[in-house]
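Undergrad: This structure is in C-alpha cells; I'll ask about it shortly.
The values are calculated or read from the model by the stated rules, or taken from the named source; none is laboratory data. These figures come from a predicted structure and were not determined experimentally. Positions of Cβ are backbone-derived with ideal geometry, glycine not excepted, and every protein chain shown enters the neighbour counts. The protein model used for the area step is the full one, side chains on, heavy atoms only, and it has no ligands, DNA or RNA in it. Shrake-Rupley method; radii C 1.70, N 1.55, O 1.52, S 1.80 Å.
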Amino acid sequence: GCGDIVKKPKLDTHYTRCHASVDCIDCSTTFRIPSEFKGHTSCITEAEKYQKGLYKGPKAVRFYIIQRRDLM
C-alpha cells in the first residue's frame, strides 16, 4: 500500500495505485511524477556524502518510499 518501501522495478505499480510523490531513501530526493523517478539511476547517499573517498558501498539506487496521499 501507500507508505511502503519498494525497489525500483515495483515503483510503477505502487505509483499507479497511490498517485503520490516518491522519495528515494538513498538521497532523500522527492519525485512528483513517474518520468522523474524513472530517470533517477544514481545518487549520492548520506554515507557517500560524509565519508567521501572512504566510502566502499554500492552506488545504485535501491529503495523508494511511496508517500501516503493524505499526508501531502
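Undergrad: Could you list, in sequence order, the residues of segment 16-37 that are over 10 Å from the mean Cα position of the chain (by Cα) and either open to solvent by 40 Å² or more (accessible area, probe 1.4 Å) or in contact (Cβ under 8 Å) with a residue 60 or more places away in the chain (or both)?
TA: 16, 17, 19, 32, 33, 35, 36, listed by residue number.
Undergrad: I would also like to ask the following. For segment 34-49, give me each residue that is over 15 Å from residue 7 (Cβ atoms), in a loop (DSSP other than H, G, I, E, B) and modelled with pLDDT of 80 or more.
TA: Hit for segment 34-49 is 39, nothing else.
Undergrad: Give me the residue from segment 1-15 that is without any contact (Cβ under 8 Å) to a residue 60 or more places away in the chain and more than 10 Å from the chain's Cα centre (by Cα) and, out of that set, least open to solvent (accessible area, probe 1.4 Å).
TA: Checking each candidate, the answer is 14.
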